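Novice: Input: one structure, supplied below.
The values are calculated or read from the model by the stated rules, or taken from the named source; none is laboratory data. None of the values given here were measured: they were computed from a predicted structure. All Cβ positions, glycine included, derive from the backbone under ideal geometry; neighbour counts span all protein chains shown.
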Amino acid sequence: MICCNNLDQALDLEIVVKTEKHLLHDGRILNDVDSEYFVRASYGSDRFNYLAINYCPFCGRVLSRGLWNAEKKK
């Protein structure tokens, strides 16, 4: 789900990454949010920090599976 043009651009620039958590092998995950969207920051030459996000940083829509499933059950 791409909720806004800004998120689409961030995905193209690989600032935000959409993937499954178990497929991230080039760095470390900094939190335990159930999401497939991660903000990516470089540290070192080939290593990254990944921060899983609940909401789109641009428009505020829900991105994480945990929150999306909770809203769906309402």
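Novice: Considering every residue within region 4-15, establish whether at least one is touching a helix residue (DSSP H, G or I) at 6+ places or on another chain (Cβ under 9 Å) and either surrounded by 13 or more Cβ atoms within 10 Å (Cβ to Cβ) or not in a helix (DSSP H, G or I) (or both).
Specialist: yes
Novice: Of these, ARG47, ARG65, which one is closer than 15 Å to MET1 by Cα and either over 10 Å from the mean Cα position of the chain (by Cα) or modelled with pLDDT under 95 (or both)?
Specialist: Every option except ARG65 fails the conditions.
Novice: Okay, moving on. What's the total number of residues in region 16-58 that are outside any loop (DSSP other than H, G, I, E, B) and of a type in the set (D, E, K, R)?
Specialist: Of the residues in region 16-58, 4 are outside any loop (DSSP other than H, G, I, E, B) and of a type in the set (D, E, K, R).
Novice: Against the condition surrounded by 13 or more Cβ atoms within 10 Å (Cβ to Cβ), among the polar types (S, T, N, Q) and in contact (Cβ under 8 Å) with a residue 12 or more places away in the chain, how does ASN31 come out, does it pass?
Specialist: no
Novice: Further question on the same structure: Give the residues of region 34-68 that are in contact with an Asp or Glu (Cβ under 9 Å, 6 or more places away or on another chain) and surrounded by fewer than 14 Cβ atoms within 10 Å (Cβ to Cβ), sorted by residue number.
Specialist: Across region 34-68, the qualifying residues are ASP46, ARG47, GLY66.
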